[in-house]
Structures are given as structure tokens and as C-alpha cells.
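Structure, as C-alpha cells:
The values are calculated or read from the model by the stated rules, or taken from the named source; none is laboratory data. The shown structure was predicted, so the numbers you read here are calculated from the model rather than taken from an experiment. Cβ atoms come from the backbone with ideal geometry, glycine included; neighbour counts cover every protein chain shown.
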Amino acid sequence: MFDGLKDKLNGFREDVEESAEEAEPVDAESDVDEASRVGDTDDVGDTDPSTFQRAKAFATGRIIIEEEDLEEPLWDLEMALLESDVEMSVAERILDSVRETMLGESRKQVETTGELVEEALHDALLEVIAVGQFDFEARIAEAEKPVTIVFTGVNGVGKTTSIAKLSEWLADRGYSSVLANGDTYRAGANEQIREHAERLDRELISHEQGGDPAAVIYDAVEYAAANDVDVVLGDTAGRLHTSDDLMAQLEKIDRVVDPDMTLFVDEAVAGQDAVNRAREFDDAAAIDGAILTKADADSSGGAAISVAYVTGKPILFLGTGQEYDDLRRFDPEALVDSLLGEA
Ligand code: GDP
């Protein structure tokens, strides 16, 4: 998972190490002697102040990274992030944050350049990846039952499979669920979700093709209330004639059933397209979070890094395969550790 991005981040660490090494003073000892003679000021005769600072730091085991050491590696990092389908504003935020940590006054003292890079990347990545995170399970536990979750996103990305996986995830934690097919637009949608419902032995609420999706989900909420079912998982159409129709439909569902959560589903492998769609769907009907499917097949990691920062809503789950238990709670800290090779 995300191996291409992992390699590129590692490349940045090597780049900075290399340029910092090249910039290290050849004779640190003599520079430091001079430093102790003239005191801790910038007025050190022939010695350039930055060389002086660097020499002093080098002799005491501290690291000083200069802006020019970072210029090329940061440029390469930006290119690497963009090649990995990281959204432009997200790549810029990461770069700013890395630059700040590595050059800023407040940077902590670490042992090696490699450690400094790792700390800077760790904080920069976590800052964008962890945007909006909340405890999904606690929210289910605390909400009044039935909890209604509506799923949006285009067809073919794994939306129906994700609904089935989430139904299993909930069952593993003691919550019953009913499936509802609010995709009344597409021929074959009922059959597609029915297959999962039958395999998992869940109730499915569906209407004829062409029916009102808000009415289907409303019926599922009624069914859940009458039968003590904890959670309603409602699919919706991924595409209609126009995006205005789609928006109107999602708005009507919002009005009629007032869902507790709207989750956007897309595939990690779609990279930048998935990020753009997340933004569009969030604009159309505010989402509360996202599920990224097919993370098992994604090398770039761009969508996983960008979606939360771009929408302000967290990625809650990753789909990691075709089986029902291939759904993982998205853990920003664990993802960053794995990208930086710590896990
Ligand atoms: P929908 O049209 O969006 O409802 O898409 P489906 O749920 O039918 O999924 C489309 C295809 O993607 C199916 O073959 C699924 O098995 C596959 N799929 C869904 N999620 C994942 C995942 O996390 N990893 C992999 N490798 N395949 C997935």
C-alpha cells in the first residue's frame, strides 16, 4: 500500500542528508576555536556567520540546516508529491510545514539530519492527513438509534461493497444494520446490493427502479425503528442526468430523513480524480467523512493524503481488498509511520 509514495519520501530524506553533508565545514574544530575567542556574536572577522553558526552547532552535535541545503530537495519533494497525485494545495502545505520545522527557531534538537527530516515530514504529513478525525465508533454508540448513514459517490468505485463491509464491521461491534437501496436510477442496482444483503443475511429495503430514493431510505428508517435495528445504511445514485438533479436528490434525502452521517466513497487508485470528486460531492451535499476503497491496489497514496485537507472532512475507513472484512479504520498516525518506514 502506497509504496511509490513511501519511496519518494525516503528519497527526500536522502537528498537532504546529502546536501547537508556537502555543506558541513571541513575543519569544524578551528572554526569553533575562533568562535570561543570572539564570543557568541556575528562579528567573527573573516568567518561567514552562517559557517560560524554551522561549525559551532556541528561541534556540539547539533544540526543546522540552511535554506540553500533545502532548496533542491524541497523542489524534488514537491515534484514527487505532485507525481503521486497529492493535490497542489496539500503539497504546498506539506512543503511549508517541512521548511518551517527544519529552519524555524522552534525546531527541536535532534541527533542527525535524517531524524530532523523524519520529524519534519512526520509532522507535516500528520497535519494534513488527520484533518477532522473523530471517533466513528463512539459516534455510533452515542447517537440515538436508529443511526442513519447515507453513502454518496460515483458508481464502480466500491460503494456497494463498502456498505456491505461496514455492515459487517458494525456487526463485529454488536450493532445490527439494515441496507437500503436509494439508487433507484440505475438498472441492476437493486440486484447488486441484494446479493450482498443475502450473503450477509441482512434485510434490504428497496423500491422499483425510478422510485423516490428519499422514500426508500425513509422506509428503511421506519423498518429499523420498528425492529430495533441500530443502523440504516443507505446507498444513493452515483450519477443522474445532471449534477443539479443529483444535488436535488441528495438535498431531498437530507430533508426527508435527516441522516446522522453522509459518507463519501471513492477509490484511492483514482488519485486526483477522487480528490476532485470528494470536493464536488462535499459542495453538493456536505459530507461528514470519506471511505477510500482499493487502497490495497494504490501505490501513489495521493488521495489518502489529500481528501481530508481538501474537504475538511476525515477519511474514516480504507477498503483494502474484496472480502467483507477488508475494511480498516483509517488511522492517520499509523499511516504516517508506515509512509516513513516506521511500521
Ligand atoms: P459500486 O458500483 O461503487 O457499488 O462498486 P462495487 O461495490 O460493486 O465494487 C466494484 C468492484 O470493486 C468490485 O469488483 C469490488 O469487489 C471491488 N472492490 C471494492 N472495494 C475494494 C477494495 O477495497 N479493494 C479491492 N481490491 N477491490 C475492491
(message) Looking only at region 319-342, count every residue that is part of a loop (DSSP other than H, G, I, E, B) and either within 13 Å of the ligand (Cβ to nearest atom) or buried (at least 17 other Cβ atoms within 10 Å of the Cβ) (or both) and tell me the total.
(response) 9
(message) Return the residues of region 78-131 that are modelled with pLDDT under 95, part of a helix (DSSP H, G or I) and among the basic types (Lys, Arg); say none if nothing qualifies.
(response) ARG99
(message) All but one of (1) surrounded by fewer than 18 Cβ atoms within 10 Å (Cβ to Cβ); (2) within 18 Å of GLY132 (Cβ to Cβ) hold for LEU316; state the number of the condition that does not hold.
(response) (1)
(message) Filter region 257-278 down to the residues that are part of a helix (DSSP H, G or I) and under 22 Å from ASP230 (Cβ atoms) and list them by number.
(response) VAL257
(message) I'd like the full set of residues that are more than 30 Å from SER299 (Cα to Cα) and either within 16 Å of the ligand (Cβ to nearest atom) or aliphatic (A, V, I, L, M) (or both), limited to region 235-260.
(response) LEU240, LEU246, MET247, ALA248, LEU250, ILE253, VAL256, VAL257
(request) Determine which single condition ASP266 fails, assuming it passes every other condition in (1) surrounded by fewer than 24 Cβ atoms within 10 Å (Cβ to Cβ); (2) under 20 Å from the mean Cα position of the chain (by Cα). (result) (1)
(request) Tally the residues that are of a type outside the set (Phe, Trp, Tyr), within 16 Å of the ligand (Cβ to nearest atom) and surrounded by 15 or more Cβ atoms within 10 Å (Cβ to Cβ), restricting the search to region 137-178. (result) 18
(message) Between GLN209, GLN192, which is within 16 Å of the ligand (Cβ to nearest atom), surrounded by fewer than 22 Cβ atoms within 10 Å (Cβ to Cβ) and in a helix (DSSP H, G or I)?
(response) GLN192
(request) Kindly indicate which of ALA143, ALA124 is of a type outside the set (Asp, Glu) and without any contact (Cβ under 8 Å) to a residue 60 or more places away in the chain. (result) ALA124
(message) Looking at region 261-277 only, could you name the residues that are under 21 Å from ALA164 (Cα atoms) and either touching a Gly at 6+ places or on another chain (Cβ under 8 Å) or away from the ligand (no atom under 13 Å from the Cβ) (or both)?
(response) MET261, THR262, LEU263, PHE264, VAL265, ASP266, GLU267, ALA268
(message) assigned to a loop (DSSP other than H, G, I, E, B) and in contact (Cβ under 8 Å) with a residue 24 or more places away in the chain: which single residue out of PHE151, PHE134 fits that description?
(response) PHE134
(request) Quick one: in region 279-304, of everything that is under 23 Å from GLU137 (Cβ atoms) and assigned to a loop (DSSP other than H, G, I, E, B), which residue is nearest to the ligand (Cβ to nearest atom)? (result) ILE287
(request) Being within 13 Å of the ligand (Cβ to nearest atom) and either at positive phi or touching a strand residue (DSSP E or B) at 6+ places or on another chain (Cβ under 6 Å) (or both) is the filter here, so list the residues in region 179-188 that pass it. (result) LEU179, ASN181, GLY182, ASP183, GLY188
(message) I need every pair where a residue in region 222-250 that is of a type in the set (Lys, Arg) has its Cβ under 7 Å from the Cβ of a residue that is within 16 Å of the ligand (Cβ to nearest atom), sequence separation at least 6 or different chains.
(response) ARG239/VAL154; ARG239/ASN155; ARG239/LEU246
(message) Every residue in region 235-256 that is at pLDDT 85 or above and either more than 25 Å from the chain's Cα centre (by Cα) or in a strand (DSSP E or B) (or both), please.
(response) ASP235, THR236, ALA248, GLN249, GLU251, LYS252, ILE253, ASP254, ARG255, VAL256
(message) If I ask for residues that are touching a Pro at 6+ places or on another chain (Cβ under 8 Å) and either at pLDDT 95 or above or under 25 Å from ILE140 (Cβ atoms) (or both), which ones from region 179-216 would you list?
(response) GLY182, ASP183
